[in-house]
Every structure is written in C-alpha cells, then in structure tokens.
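Q: Provided herewith is a single structure, encoded as structure tokens, for subsequent inquiry.
Coordinate-derived values only; no laboratory data. This structure is a prediction, so every number in the text was calculated from the model and none was measured. Heads up, the Cβs are rebuilt from the backbone with ideal geometry, glycines too, and the neighbour counts pull from every protein chain shown.
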Amino acid sequence: MAYKMDKTLSKGAFDFIDAPGIAKLLSQKKEDKFLYREIFAKSLEKNPLTLDETASLLAIRSEEGRQELFQAARDLKRIIYGNRIVLFAPLYIGNLCINDCAYCGFKKSSKTTVRKTLTTDEIVSEVKALEDEGQKRLILVFGESPLYSPDFIANCVRTVYSVHSGNGSIRRVNINAAPLDVAGYKTIKAEGIGTYQIFQETYHRESYAKYHPANTVKGDFMWRLDGLDRAFEAGIDDLGIGALIGLYDWRFEVMGLVSHAIHLKDKFGVGPHTISFPRIQPANGLELDLPYRCSDEDFKQLVATLRLAVPYTGMIMTARENPKVRNEVIHFGVSQIDAGTHLEIGGYNEKKQGQSLEREQFQVGDTRGLDEAARWLMEEGFIPSFCTSCYRSGRTGEHFMEFAIPGFIKKFCTPNALLTLAEYLEDYASEKTREEGRILIGKEMEQIEEGPWKEKIKERLKKIAEGERDLRL
C-alpha cells in the first residue's frame, strides 16, 4: 500500500527567509577593511556570525580583502577541526521521480534518462564494491517517488549496514531524500542513520518557483523549507542543509544558508551538522539560460564566508567540482568530500571508465578514485579520515555542540582520523599511498602531547597493525 503523507507542517512553522531584508543588506554593504577584520576576529573566537556580518564579508571584492578572508577561513578550520578531511561516497538507490526540476537529469519529463531502482541484491553488490575500495561512510540518494517510502528507505539502510566484505563495513549511512512527515522520519531514524540531508536548492522564492513546477510535490517551497524542522521533531538531531549554486545570486544563497542555520539553532538549540554548496553542472537534457553562474573566484569566497559564518558546521564540497577547483577550495574551510564517486545507478559494481549522463543526475567533475584522492589530501597537508566516532558514540546534536564549542572536538577528531587512516592503509591503499600515509601518521603522532592519551593512541595503532579493526576514542 502506498505511503500516505501527512502534510502538516512543524509546530510554529513560518518562512524564516527574509528575502527583502537580505536583498537590502546585500545592496547596502560596501567593503570595509576595518569592519571585516573585526568580523574575522569574532569568528576566530568561534562565534557564529549574524546576517549583517555575513553580508559584510560578501561585500569584500578587493584581492587584498579576499586573501585575508581566505586566510581567516584556513585558520578557523584548523582551530576547530584540525587538518582532517572526512571522506564518503554517494550511493544512488533509484532515480524514479515525480518532480520536474528544470536543472536535473532525473526530471520526470526526461525521455532519455535510463530509469532504475536497485534491488536488495544489487544494493549488496554495490556496497561490497564500495567496501572493497575502503569506504566507511555512505550517503544514500533517492529520487522522489511513491516507491521510495520511509519503509523502503529504512530497508535500504538495514541492507547497507548488514553487508561486510573482508574487513570492510559501512559504519555510517546518511540520507539525501525528499522531505517527509514526522512519522516517516521516525521510521528511518530507527535504523540508525547519521545525517538526514535536504537541499532547499534555492532560498529565493521566485527562482524556486521558476525551476520547480507548481503542480509537483517539490513545487511547494514551504513544505521543503520546513522539512528539517519536522525531522528534528521526529528526533533526528543530525541535519544537513544545502543550496544548488547557480539558480540565483550566490550571495543570496549564502545568506539563505546562514538564515537556515540560525533558524535551526534558535528553534532547536542545534545548528545543521553539514552545509553543502554544489554548483550546477551539465546534466542530461539540460538546456538552461543560467545568468547567475558562480565563478571560481566567487566560489572560493562563498566557501570561506560560510566557514566563518557557521564555525561548527561541517562543510561538504562535492565531486561536481573539478580537481583544480577542489585543490584550491579544500583549504578554505571544507571538512568533507566525496571521492571515488559514481552516480550511475549500479556504477560502483560495474567499474566502468567514463560517464554516461543519461544514467546520472549530473556530470561529475572530479573522477579520481579513493586511493588517489586520499594521497592527494595527504600531499595537501590533510589527514584523510573515515571516522564515524562521534555519531556512534552519541556525540550528535546538543551533545556534539557541548564537545565542539569549547574546542574539545579536535581532541577526538585527529586521533580517530589517524586510526581510520591506519585501517585504510593496512587493508586497501596502494603501496605509494601506504608509504605516504605512514609518514603522515608518524608526523602527526609527534605533535600529540606526551602522556596517557598519546599512549592510548599508540596502543590502538599497534592493534590495527596486528589486525584489529574499528578501534576508536
């Protein structure tokens, strides 16, 4: 029987995007060196920014100002998260969709898109392929279809967690799916998911209406905007927000994302766990006039500004971006990336070279495999991390904030990143990556203060080398 959605909004729901106010701030702000330096100092004390302060950073246009902005973002990321970058992979379960989003390769009206939903056996096969590469964290992606009910999604999560190949296991399953009602979220939460992510796509109402037909489920701006409020009411305190950059002015979208973060913090005491900001890329049948494309330089400013505005939120840069862009932007506050990404339904098991847009939602810009991506991160001075410790130790929502706000999260993040990297090096890495990784672990261990905590990390690293797995702090 088809799942019947309860279309009731969350308690006290309202449109918290003050579009006229945002437009006014963006139009009035001028670059002010003394002001933006004061804002940098506030953010480096790990204080979130107001919309007014965020708009002041978006007003920076000089090369000098942007370089100072980038450096402040680098510094803040190191202060809070250290030098780790978390790795994950998206797993597309199905691309059936009742919506007709103008920019999407899976839109309902596309006649050339190859439609497919993975069977349970196919999910198992895909997960084994991912585990055999060393992946530990997945985000399951679903189109919006009556077939993809809460029970269906929950069953997919159970299947993923049940698969073990060699030393491999998926330790955290995140979800990117349509907004649900409270009962639907509860069904999925019961399976032990990590983050539930919903992209608003654009926070600008008029643009939202332009790209999302009113006669579709997704055409309801408020139902989507309120989606994570209902998730929180259902007990999911690990939430991800995102905007598709290019549908409207990128500066407005930054203000929308910050508004969303402020709203969640004000209403529930917990901001979003992650923010995503992918730029529009070519997709099957995409023929759009996009006057608001975001340049590479503006994209850097977007990322750095978000890093300073929401200090404790993880920031995800996706493989939509090409290696050149990722090489530069990774330094400005990004904390998570996907690697070894295949968007074709069933693409991980097939291991085909090249892309086929009729089977993908959009074109991937960075096609490097997981091993190459891990080595690249180490060459850039980062620790590739497969850590799932906070999620599995209950350090989410308010508990995460209790650890993160005083800065204690770095105490856990760096050691756990090293432990998961050591696992990867032992089980999956190429010889070159293994050699570089061991050198990196040695250097990082030298920087940890002598004492019982360091000895505990050493002990776990030794056990991993002897064959034990899934050791964490």
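Q: May I ask you to evaluate 6.51 cos²θ - 1.76 cosθ + 1.60, the Karplus curve with θ = phi - 60°, for each residue of segment 283-297 and list the ³J(HN,Hα) values in order in whole Hz, giving x for glycine and proline?
A: Couplings: 9, 4, x, 7, 9, 10, 8, 10, x, 10, 4, 9, 5, 4, 5 Hz.
Q: On each of the three principal axes of the Cα atoms of segment 67-203, give max minus min coordinate, whole Å, ordered largest first.
A: Each principal axis gives a Cα extent; for segment 67-203 these are 48, 42, 33 Å.
Q: Still on this structure: How long are the semi-axes of the equivalent ellipsoid of the chain, defined as square roots of 5 times the Cα gyration tensor eigenvalues? Whole Å, largest first.
A: They are 31, 29, 21 Å, listed largest first.
Q: Follow-up. Mind scanning K33/K411; K116/K432; K42/K265 and naming the pairs with a C-alpha gap bigger than 29 Å?
A: Going by Cα-Cα distance, K33/K411; K116/K432 fall outside the 29 Å limit.
Q: Quickly rank 129-138, 214-223, 301-310 as a protection proxy: mean count of other C-beta atoms within 10 Å, highest first.
A: Taking the mean over residues of other Cβ atoms within 10 Å, the ranking is 301-310, 129-138, 214-223.
Q: With 17 Å as the cut-off, how large is the P(r) tail for segment 21-76, expressed as percent of Cα-Cα pairs?
A: Result: 32 percent of Cα pairs exceed 17 Å.
Q: Expressed as a rounded percentage, what relative contact order does segment 260-327 have, with Cα pairs under 8 Å and six or more residues apart?
A: 44
Q: Show the residues, 5+ positions off or on another chain, whose built amide H is closer than 5 Å to the amide H of G365.
A: Answer set, sorted by chain and number: R320, E321.
Q: Also: For segment 294-339, take the convex hull of the Cα atoms, compute a quarter of its surface area, and give me that in nm², please.
A: The Cα convex hull of segment 294-339, projected and averaged over all directions, gives 3.0 nm².
Q: Could I ask something else about it? Only Cα pairs under 8 Å and at least 6 apart count here; give the relative contact order of the chain as a rounded whole percent.
A: So the answer I get is 20 percent.
Q: OK, next. In whole Hz, with x marking every Gly and Pro, tabulate ³J(HN,Hα) for segment 254-263 from phi via Karplus 6.51 cos²θ - 1.76 cosθ + 1.60, θ = phi - 60°.
A: Ordered by residue, 3J(HN,Hα) equals 4, 5, x, 4, 5, 4, 5, 4, 4, 4 Hz.
Q: List the residues whose amide H sits under 5 Å from the amide H of S385, counting only those 5 or more places along or on another chain, with H placed 1.01 Å from N in the peptide plane.
A: Residues meeting the criterion, in which the H sits 1.01 Å from N, are I85, V86, L87.
Q: So what are segment 410-450's ellipsoid semi-axes, whole angstrom, largest first, if each one is the square root of 5 times an eigenvalue of the alpha-carbon gyration tensor?
A: 20, 12, 6
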